[in-house]
Amino acid sequence: MESIKYDRLQETLYYEVMDNGLHVYILPKPGFQKTYATFATKYGSVDNHFQVEGQEEVKVPDGIAHFLEHKMFEEPTGDIFATFASHGASANAFTSFDQTVYLFSATEFVNENIQTLVDFVQNPYFTDQNVEKEKGIIAQEINMYADNPDWRVYFGLIEAMYQKHPVHIDIAGTVESIGTITKETLYSCYNSFYHPSNMLLFVVGGVDPQEVVDMVRSNQAKKNYEPQGQIKRIFEPEPDQVGEARREAKLAVSLPKCLFGFKETDVGLTGEGLLRRDITTKLMMDLLFGSSTPLFQKLYDEDLISDSFGYEYNSSPQYAFSAIGGDTKDPDQLLARIREEVDVMVQKGFDVTDFERARKKKIGGYLRMLNSPENIAHEFTRQQFRGGDFFNMLPLYESLTLEEVNRRLKEHIRWDQLAISLVVSP
C-alpha cells in the first residue's frame, strides 16, 4: 500500500492497485463517526458506442448505463438494500454522463458493508423476466421527468447546444430505446465497463487503511478476472456551432423558466489542464452572476430574476458548457439586459478586489468540503476519472490570476455559441 501526504491539508491518502487492476483509495478521518464509500465505474450515459481492445465495435441503446445501474441492485436472493439496512447502512447509486457510482454511508459494520458493496456490484444477475419488468419501471421514470419543468429546461438547453455528441441524450434514454434492451446487451456492457481495471473504490471516514486494503485484497483474490484491454469510446465529430439558438417547450408553469449557456469549442483537455479551466470558469461565473454581484442585484431589483437564478459549468474531455438562468416573468427582457451588462464587463474586465474576494470564497468552500465525506468521495472519483487530483485544487486556486480569469471571460462568453432553452405555459 502506498500513501500520499498533503501536508497543507493535513490529509494522507492511501492507495493500492489490485492485481486485477482495481484502484482502491482510503482517506482516514480520525474522529469521524460516519464512513462513506463509493464503488464507481468510468461508464456513463454517453458511452453508447465503444470498442474493447481485441473485440468488435459495439453500439448499444441509449439509456443502457442507467438501466444497468437499476438492475445491479437485484440479486437472486432479493433486494440488496435489505442487506445494507441489516448492517445499519444507507445505500444508493446514480448514473451521470460519464460515470456510474454505487455508494453507502454507515456508522457501524463498515467492513461488512464494504464487502456487500463490492460483492453485489461484481455479481450481476440479469434474466429475461427481470429485464422486461424493469422496462416498465424506467419508462415511468422517463415520463415523470418529461413532465418536470426544471428537467425539461435543463435538457432542452443541452439538446439545443449539441448535435452529435450523446451528451444531448437524456441519461435514462427514451421509452423506445430502453424497449430494445435485452439481458445480453446488459451483460455485454457490464463485462466491458465493470471490469475492475475500469473501476475505483473510495472509502473515507474513521477507518484503518491497512485493514480496508487487506480486506479488499482478500476479496478480489477470490474472484477470477481475465486481463482486459483499453476501452475506446467512439464519438461522431461534434460541430462547433450550437444546433439550435433557441428551444421552447410548453408545460404548466406559474412563471416561464429560462436557461441559457455557452458551448465550448475547445475540447480535449484532461487532468490538471481540465481542472484548471473548470475552476477558472466557475470563479469567472461567480464574479459575473453570483448573488453578491451588481448584475444580480440589478436584475433582482428590476424583478427579472428571483432566488431561483443560478449557474453551473459542466465539462469533460469531450464537451463543456455553461447553464445560467431560472424563473423569470420576461425571458426576452432578461436576456437583453444580461447581454447588455455582460458586454460591458467583457470590455472592462473584473476588479482586482472583487477577484481576490471571490477567490478566497472559493478556497473557503473547498476547505469546508474536506469536512464532508460525501463531497470528498464524489469529487475525488470524478477528478480521478478525468486524470486530475481533487487534493491538488488548493495550489491551483492560489495560482490563479486576475488576467487569467479576465481572459476566460472573453473566451467563454461568445454570443455565437449561445443557446437558449425556455419552458412556458401553453
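Using beta carbons and a limit of 8 Å, which pairs, at least six apart or on different chains, have the first residue in the stretch 401-426 and modelled with pLDDT under 95 and the second one not small (Gly, Ala, Ser)?
Partner pairs satisfying both residue conditions: 426/250; 426/251.
Within the stretch 22-44, can one find any residue that is of a type in the set (A, V, I, L, M) and surrounded by fewer than 18 Cβ atoms within 10 Å (Cβ to Cβ)? It would help to see each step written out before you state the result.
In the first step, residues of the stretch 22-44 are kept if they are of a type in the set (A, V, I, L, M); the result is 22, 24, 26-27, 37, 40.
Pick out the ones that are also surrounded by fewer than 18 Cβ atoms within 10 Å (Cβ to Cβ) and you get none.
No - not one qualifying residue is present in the stretch 22-44.
Please state which of the following conditions residue 50 fails to meet, knowing it meets all the rest: (1) farther than 15 Å from residue 192 by Cα; (2) touching a Lys or Arg at 6+ places or on another chain (Cβ under 7 Å).
(1)
Please indicate, with yes or no, whether at least one residue in the stretch 287-301 is touching a Phe, Trp or Tyr at 6+ places or on another chain (Cβ under 7 Å), surrounded by 19 or more Cβ atoms within 10 Å (Cβ to Cβ) and farther than 19 Å from residue 420 by Cβ.
yes
Test residue 269 against the criterion of being of a type in the set (A, V, I, L, M, F, W, C), surrounded by 15 or more Cβ atoms within 10 Å (Cβ to Cβ) and closer than 16 Å to residue 341 by Cα, and give yes or no.
Working: of a type in the set (A, V, I, L, M, F, W, C): yes; surrounded by 15 or more Cβ atoms within 10 Å (Cβ to Cβ): yes; closer than 16 Å to residue 341 by Cα: no.
So residue 269 does not fit the description; no.
So, residue 277, is that one in a helix (DSSP H, G or I), over 19 Å from the mean Cα position of the chain (by Cα) and basic (Lys, Arg) or not? Break it down stepwise before answering.
On the way: in a helix (DSSP H, G or I): yes; over 19 Å from the mean Cα position of the chain (by Cα): no; basic (Lys, Arg): yes.
Here the answer is no, as residue 277 does not meet what is asked.
For residues in the stretch 285-325 being in a loop (DSSP other than H, G, I, E, B), out of contact with any strand residue (DSSP E or B) (no Cβ under 9 Å at 6 or more places or on another chain) and among the charged types (D, E, K, R), which is nearest to residue 254 (Cα to Cα)?
Here the answer is 303.
Out of the stretch 31-59, which residues are under 21 Å from the mean Cα position of the chain (by Cα) and hydrophobic (A, V, I, L, M, F, W, C)?
37, 39, 40, 46, 50
Kindly indicate whether residue 120 is among the hydrophobic types (A, V, I, L, M, F, W, C), surrounded by fewer than 19 Cβ atoms within 10 Å (Cβ to Cβ) and under 25 Å from residue 172 (Cα atoms).
Values: among the hydrophobic types (A, V, I, L, M, F, W, C): yes; surrounded by fewer than 19 Cβ atoms within 10 Å (Cβ to Cβ): no; under 25 Å from residue 172 (Cα atoms): yes.
When the stated conditions are applied, residue 120 does not pass them.
Would the stretch 92-113 turn up any residue that is free of Cβ contacts under 8 Å to residues at least 60 places away in the same chain, assigned to a strand (DSSP E or B) and among the hydrophobic types (A, V, I, L, M, F, W, C)? If you could, list the steps in order and put the result at the bottom.
The initial filter retains those residues of the stretch 92-113 that are free of Cβ contacts under 8 Å to residues at least 60 places away in the same chain, namely 92-94, 108-109, 112.
Those still in the list that are assigned to a strand (DSSP E or B) too: 92-94.
Still in the list and also among the hydrophobic types (A, V, I, L, M, F, W, C): 93-94.
For the stretch 92-113, residues free of Cβ contacts under 8 Å to residues at least 60 places away in the same chain, assigned to a strand (DSSP E or B) and among the hydrophobic types (A, V, I, L, M, F, W, C): present.
Residue 172 passes all but one of (1) within 27 Å of residue 144 (Cβ to Cβ); (2) over 22 Å from the mean Cα position of the chain (by Cα); (3) crowded, with 21+ Cβ neighbours inside 10 Å; which number fails?
Result: residue 172 fails condition (2) only.
Can you give me the ranges of the helices (runs of 4 or more DSSP H) entirely in the stretch 326-426 with at least 3 residues that are exposed (fewer than 15 other Cβ atoms within 10 Å of the Cβ)?
Values: elements: 331-348, 352-369, 373-385, 393-399, 402-412.
So the answer is 331-348, 352-369, 393-399, 402-412.
Select from the stretch 176-230 the residues that are among the β-branched types (Val, Ile, Thr) and either in contact with a Gly (Cβ under 7 Å, 6 or more places away or on another chain) or outside the structural domain of residue 137 (by TED's automatic domain parsing) (or both) and list them in ascending order. Can you show your working first?
If we filter the stretch 176-230 for residues that are among the β-branched types (Val, Ile, Thr), which is where we start, we get 178, 180-182, 185, 203-204, 207, 212-213, 216.
Within the stretch 176-230, 178 is the sole residue that qualifies.
The values are calculated or read from the model by the stated rules, or taken from the named source; none is laboratory data. Being a predicted model, the structure only gives us computed values, none of them experimental. Neighbour counts are summed over all protein chains in view; Cβ atoms, including those assigned to glycine, are modelled from backbone coordinates with ideal geometry.
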